[in-house]
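See structure below.
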Amino acid sequence: MANTKPIGVAYSDQDISGADSLMSNIKLGYTAAGQGTVTQATSKATGVTLNKSAGRITMNAAALAGATAVSFTLTNSLISANDLLVLCVSAGSVGDATTYAVYTNSLGAGTAGITLRNLTAATSQSEAVVINFALIHCD
């Protein structure tokens, strides 16, 4: 990007507000300062708080019956009702893509509801599933 906004002797090119598009040929994401981790304390339904734009949620290792879902609340001061919360089960979890599904069930100012579903028909799973998340902030 060329220097386009003179502000005295420096340029303010990091300001992309109002841009029609944002492209990268290498990497697009959050710095280490924008990421964090949190662990559920007592059960898979226990809410967690993490005020970061991206991170990892390590769930409690309590049992989750086959064909059953559990929901919990992520409290995060950066979330707005207009945002998009992207979730996936981390490759570091024991189960594979046929074991779990994770999705956002609600979104509001400062909070998101997250649901993890055990996709196996009759097999109870007892592991500390790790969920990766990233916020796409929208005005």
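The values are calculated or read from the model by the stated rules, or taken from the named source; none is laboratory data. This structure is a prediction, so every number in the text was calculated from the model and none was measured. A quick note on method: Cβ atoms are made from the backbone with ideal geometry, for glycine too, and the neighbour counts reach across all protein chains shown.
I'd like to check something: does the stretch 49-67 contain any residue that is hydroxyl-bearing (Ser, Thr, Tyr), in contact (Cβ under 8 Å) with a residue 60 or more places away in the chain and in a strand (DSSP E or B)? So far as the stretch 49-67 goes, yes, one or more of its residues are hydroxyl-bearing (Ser, Thr, Tyr), in contact (Cβ under 8 Å) with a residue 60 or more places away in the chain and in a strand (DSSP E or B). For the stretch 24-43, taking the residues that are assigned to a loop (DSSP other than H, G, I, E, B) and in contact with a Ser or Thr (Cβ under 9 Å, 6 or more places away or on another chain), the one that is farthest from ILE131 (Cα to Cα) is identified as TYR30. State whether one or more residues within the stretch 55-75 are at pLDDT 95 or above, over 19 Å from SER43 (Cβ atoms), under 11 Å from the mean Cα position of the chain (by Cα) and among the aliphatic types (A, V, I, L, M). Among the residues of the stretch 55-75, not one is at pLDDT 95 or above, over 19 Å from SER43 (Cβ atoms), under 11 Å from the mean Cα position of the chain (by Cα) and among the aliphatic types (A, V, I, L, M), which makes the answer no. Scanning the stretch 112-139 for residues that are farther than 25 Å from ALA63 by Cα and not acidic (Asp, Glu) yields a count of 5. Within the stretch 94-106, the set of residues being part of a loop (DSSP other than H, G, I, E, B) and at pLDDT 95 or above is empty.
Every test in (1) touching a residue at least 24 places away in the same chain (Cβ under 8 Å); (2) within 23 Å of GLN35 (Cα to Cα); (3) not in a strand (DSSP E or B) is passed by ALA91 save one, and that test is (1). Of the residues making up the stretch 6-43, those that are surrounded by 10 or more Cβ atoms within 10 Å (Cβ to Cβ) and either modelled with pLDDT of 90 or more or in contact with a Phe, Trp or Tyr (Cβ under 7 Å, 6 or more places away or on another chain) (or both) are GLY34, GLN35, GLY36, THR37, VAL38, THR39, GLN40, SER43.
Residue count for the stretch 107-123 under the criterion of being loosely packed, with under 13 Cβ neighbours inside 10 Å and either at pLDDT 95 or above or in contact with a strand residue (DSSP E or B) (Cβ under 7 Å, 6 or more places away or on another chain) (or both): the result is 2.
Could you please let me know if VAL89 is modelled with pLDDT under 95 and either buried (at least 16 other Cβ atoms within 10 Å of the Cβ) or within 18 Å of GLY47 (Cα to Cα) (or both)?
yes
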